[in-house]
Structures are given as structure tokens and as C-alpha cells.
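*Asks:* Handing you this structure, nothing more for now.
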Amino acid sequence: MATGTQESSIIIPHVHVPDNPVWPSLSADEEKKLKEKIKKLLKEQNGVLVAHYYTSGALQDLAEETGGCVADSLEMARFGTEHPADTLVVAGVRFMGETSKILNNEKRVLMPDLKATCSLDVGCPIDTFSEFCDHHPDHTVVVYANTSAEVKARSDWVVTSGIALPIIRHLADRGEKVLWAPDKHLGRYVQQLTGVEMLFWPGSCVVHEEFRSTALERLRRLHPEAAVLVHPESPESVVSQADVVGSTTALIEAVKNLQNEEFIVATDAGIFNKMRKVAPQKTLLEAPTVGEGATCQSCAHCPWMGMNSLQNLAEVLEKGTNEIMVSPELAAKAQIPINRMLEFARRMKKG
Ligand code: 13P
Ligand code: SF4
């Protein structure tokens with residue numbers, strides 16, 4: 001079986017991880033008023049709210065109440081292309097807003113905070129990445145959606161966690177060698193399952209890297225009936241303990257469909273909002289981040305996802321600030337590998 005090799009010469013830039021933002025708490029009445037204001041602004045501007053499962057419960061609920069969507073990164077990308085709104089308001093992190101702009105260059109794409117980035121995106125600068133690709137022209141370049149528009153434009157395929165496995169399997173079946181960036185854990189996971197020959201970029205997610213395997217083993221002993229759900233950005237020692245490994249959507253589906261009464265969840269805690277809705281009677285436990293050696297920088301909550309709130313969402317709609325810009329030339333290049341993924345997803349759905 002072919003193997004995966006991590007490129008050791010690549011030096012990842014230091015990623016500054018901010019503290020989790022603390023938003024002033026709102027009374028029920030203040031929250032209601034703010035939501036009403038946002039609903040009105042969305043209507044006036046023919047806008048729609050597209051939120052990720054890691055944003056606050058209030059934002060997720062508002063997206064659903066206003067005919068928008070709460071989804072994983074694959075569905076967020078697809079939703080924007082199919083919805084007739086003129087303005088897409090993306091509550092998530094920068095690569096999600098950029099993907100929307102790449103696919104809908106004629107639409108206005110706003111984000112509550114343009115500083116909301118992702119450690120995978122920051123850790124994969126275009127110049128070094130491009131050099132890496134230039135050194136391996138015989139490899140098919142596959143990048144995770146958590147990357148900049150420039151990195152996407154340099155790739156052959158873009159994938160999200162929801163579709164990485166079938167796409168890599170498809171490439172493996174064609175005998176292609178894969179250059180993978182930037183998440184080494186997701187790369188290793190799909191490499192092991194497909195046997196594809198793969199070169200990895202050594203990036204990682206600061207949130208999922210905090211899950212601790214020894215503490216998880218202890219928690220499993222205390223809850224032997226619980227199913228363990230793990231996002232594949234987590235380290236191998238955590239993934240190897242999982243009953244289900246998958247995208248945020250796949251983990252929510254698992255809570256809904258499995259017979260277990262208890263679940264240990266190794267991904268951002270924002271996902272609990274949706275999980276509680278789809279299975280209110282089930283018990284959800286956070287996978288531990290504070291075992292031996294943990295730094296608990298982020299405590300299972302992405303600090304960049306936390307930069308989205310009702311307050312700054314209302315502000316950007318009111319002032320028209322924080323628009324995501326991607327030049328039409330760059331968008332045209334980056335669209336190709338993203339559309340390849342969306343087309344693959346469409347074909348898979350049809351069977
Ligand atoms: P999903 O595509 O599974 O929602 O993951 C996006 C992400 O950034 C996870 O950390
Ligand atoms: Fe990026 Fe990790 Fe945050 Fe997801 S959870 S947006 S991968 S830093």
C-alpha cells in the first residue's frame with residue numbers, strides 16, 4: 001500500500017491565536033429587538049444569512065428563522081450559489097466568506113468580522129505553498145476548503161471534510177498521487193483509508209488539536225455506552241477512538257440516527273446547539289481538552305468563530321462594511337477546483 005509523507009522542510013508561519021471574545025450579554029428583550037432589526041435589514045437588502053454550526057446558538061437560530069441556512073462548509077458554499085439573494089451574510093470564518101464570493105462574484109458578501117480567520121488558512125501562505133506544488137508537478141493538488149482564495153486557485157481540487165474521502169478515493173482509483181494541504185490530520189485520515197500516495201503540508205487546527213486521547217480514554221471508561229463522535233481535524237490518537245468520524249453534518253446526523261443515549265463529541269462546542277435540537281432527549285458530553293500536556297488554548301471553541309455575534313452582524317448590515325472582495329480574475333481561477341468538488345457532490349447525490 002502507498003504511504004503518506006509529511007513534508008519536513010516546510011516551516012509553517014506562527015499563528016497568533018486570540019482569546020475567545022466575550023460579548024456583552026443581552027437581556028431577552030435586547031436580543032429580541034436586535035434580531036428584529038437584523039431581520040428588517042436582511043429583508044430591505046434582499047440578504048440571506050448563512051451560518052456555520054460553530055457560531056453562537058442565537059446566530060444559528062436567526063439564520064434558520066430568516067430562511068437562511070446553518071450548515072457545514074460544503075453546504076454553506078452550495079447554499080449561496082442556489083439562493084437568489086443579492087447579499088450573502090456569512091457568519092463563520094474568512095475562507096467561508098471568500099468561497100461564497102468566489103462562487104458568487106456578482107453578489108455582495110458581508111461578514112460580521114473580517115479578522116475571523118482559521119489556523120489552517122493562516123498556516124498555508126500562497127508563496128510557500130506554490131513552491132511546494134512546483135517541486136511536485138506529478139502530484140494532483142488537493143486543498144481543504146480552509147484556505148485562501150489564492151491557495152484554492154493554485155489547486156486542482158478543493159475538498160471539505162464532508163467530501164474529502166470519496167474525492168481522494170476517486171483519485172486513488174485513477175492512480176493519481178496527491179499533494180495535500182493544509183490539514184495534516186485530515187490528510188492522514190483519508191490517506192490511511194484510501195491508500196493513496198500522498199504528500200502532506202504540516203498544518204493543523206488549533207481547536208481540534210487540543211483534544212486529548214488519554215483523558216478521552218478515561219471519559220469513555222466512565223461512559224462505556226456512549227458513542228464517540230470525532231471531527232477528522234483531530235489527532236490520530238483521538239480519531240482512533242471514534243465510533244463515527246465525519247464532518248460537522250455527519251456528526252449531527254450520528255446523534256440523530258444512532259441508538260445510543262449518550263455521545264462524547266470531539267469538535268467545537270458550538271455544534272451542540274444543533275445536536276440538542278435534533279435529539280433533545282440525548283446526553284451530549286464534550287470530549288476533554290485538558291488531559292496531560294494540554295494547553296487548552298481554545299477549550300473546544302474556535303476563537304475566530306466566536307468573533308461572530310448578533311451585535312456585529314447588525315452593525316455590518318447597517319453600515320454596509322466588512323465586504324469580502326475577491327478579484328474576478330482570481331475568482332475565475334479559484335472557482336474551477338471548487339466547482340469540481342460541487343459537481344462531484346452532485347453526481348454522488350444522484351448515485
Ligand atoms: P465542516 O466542513 O465539517 O463544517 O468543518 C469546517 C471546519 O472548519 C471545522 O473545523
Ligand atoms: Fe479553522 Fe479549526 Fe476554527 Fe475550523 S475550528 S475554523 S479548522 S481554526
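The values are calculated or read from the model by the stated rules, or taken from the named source; none is laboratory data. This is a predicted model, so every value here is computed, not measured. Cβ: placed from backbone, ideal geometry, glycine included. Neighbour counts: every protein chain shown. For accessibility, only protein heavy atoms count, side chains too; no ligands or nucleic acids. Shrake-Rupley method; radii C 1.70, N 1.55, O 1.52, S 1.80 Å.
*Asks:* Tell me, what is the per residue accessible area of the range 30-166 in Å², probe radius 1.4 Å?
*Replies:* On a per-residue basis, the range 30-166 sits at 34 Å².
*Asks:* Quick one: give the max-minus-min coordinate of the C-alpha atoms of the chain along each principal axis, largest first, in Å.
*Replies:* Taking max minus min along each principal axis of the Cα atoms, the chain gives 59, 55, 43 Å.
*Asks:* In addition: For the range 175-268, with the dipole built from +1 on Lys and Arg beta-carbon atoms and -1 on Asp and Glu ones, taken about the Cα centre, which of 222, 265, 252 lies farthest toward the positive end?
*Replies:* In the range 175-268, that residue is 222.
*Asks:* Excluding residues on the same chain fewer than 8 positions from residue 277, give the lysines whose Cα lies under 18 Å from its Cα.
*Replies:* 256
*Asks:* Here's another thing I want to ask about it. Against the globular-protein guess of 2.2 N^0.38 Å, express the Cα radius of gyration of the range 21-177 as a ratio, rounded to two decimals.
*Replies:* Expressed relative to 2.2 N^0.38 Å, the Cα Rg reads 1.20.
*Asks:* Could you please report the charge total around residue 248, scoring K, R as +1 and D, E as -1 over all other residues with beta-carbon less than 11 angstrom from its beta-carbon?
*Replies:* -4
*Asks:* If you average the sequence gap of Cα pairs under 8 Å that are 6 or more apart and divide by the length of the chain, what percent do you get for the contact order?
*Replies:* In percent, rounded to a whole number, it is 24.
*Asks:* If you take every DSSP beta bridge whose two residues both sit in the chain, what share of them, in percent to the nearest 5, is antiparallel?
*Replies:* 5 percent
*Asks:* Next up: Given an 8 Å cut-off on Cα distances and at least 6 residues of separation, report the relative contact order of the range 91-184 as a percent.
*Replies:* Over the range 91-184, the number comes to 29 percent.
*Asks:* So what are the range 4-104's ellipsoid semi-axes, whole angstrom, largest first, if each one is the square root of 5 times an eigenvalue of the alpha-carbon gyration tensor?
*Replies:* Working through the eigenvalues yields semi-axes of 30, 20, 11 Å.
*Asks:* Return the Rg/Rh ratio of the range 163-320 with Cα-based radii and a Kirkwood Rh.
*Replies:* Rounded to two decimals, Rg/Rh equals 1.02.
*Asks:* Next question, about the same structure. Which order do the peptides 132-143, 13-24, 306-317 take when ranked by the mean count of other beta-carbon atoms within 10 Å per residue, highest first?
*Replies:* 306-317, 132-143, 13-24
*Asks:* If you filter the range 141-240 for trypsin sites (Lys or Arg not before Pro), then keep DSSP loop positions with at most 15 other Cβ within 10 Å, what is left?
*Replies:* Passing both the DSSP loop test and the Cβ count: 174.
*Asks:* Right, another one. Would you list, by chain and number, the lysines whose Cα falls below 20 Å from the Cα of residue 333, excluding same-chain residues fewer than 8 positions away?
*Replies:* Within the straight-line limit of under 20 Å, residue 333 reaches these lysines: 101, 107, 152.
*Asks:* Could you give the length gained on full extension between residue 105 and residue 82, defined as 0.36 nm per residue of separation minus the Cα-Cα distance, in nm?
*Replies:* That works out to 6.9 nm of additional length.
*Asks:* Around residue 342, what is the net charge, scoring Lys/Arg as +1 and Asp/Glu as -1 over all other residues with Cβ under 12 Å from its Cβ?
*Replies:* Counting the neighbours of residue 342, the net charge comes to +2.
*Asks:* With only Lys, Arg, Asp and Glu charged, each at its Cβ (+1 for the first two, -1 for the last two), find how big the charge dipole of the range 91-218 is about the Cα centre; round to the nearest 20 debye.
*Replies:* That gives a dipole near 400 debye.
*Asks:* What size of dipole, in debye to the nearest 20, comes out for the chain about its Cα centre when the only charges are +1 on Lys and Arg C-beta atoms and -1 on Asp and Glu C-beta atoms?
*Replies:* Magnitude of the dipole: close to 800 debye.
*Asks:* Ordered by packing density, taken as the mean number of other Cβ atoms within 10 Å over each peptide's residues, highest first, how do 233-246, 83-96 rank?
*Replies:* 83-96, 233-246
*Asks:* Which helices of the chain meet both criteria: a Cα extent of 20 Å or more along the helical axis and a mean Kyte-Doolittle score no lower than -1.0, with helices taken as whole DSSP H segments?
*Replies:* Those that clear 20 Å and a mean of -1.0 are 328-350.
*Asks:* Right, here's the next one. Do the sum for the chain: with -39,500 (n - 2.57) for every DSSP H run of n ≥ 4, divided by all residues, what is the mean residue ellipticity at 222 nm, to the nearest 500 deg cm²/dmol?
*Replies:* Computed ellipticity for the chain at 222 nm equals -12500 deg cm²/dmol.
*Asks:* What spacing in nm lies between the two simple spin-label points modelled at residue 29 and residue 318, each 7 Å away from Cα in the Cβ direction?
*Replies:* Those two pseudo-labels are separated by 1.9 nm.
*Asks:* Taking the convex hull of the Cα atoms, report for the range 227-312 its projected area averaged over all directions, in nm².
*Replies:* 6.2 nm²
*Asks:* OK, next. Using just the C-alpha positions of the range 118-193 as equal point scatterers, what log10 of I(q)/I(0) does the Debye formula give at each q in 0.20, 0.23, 0.25, 0.27 1/Å?
*Replies:* -0.82, -1.08, -1.26, -1.43
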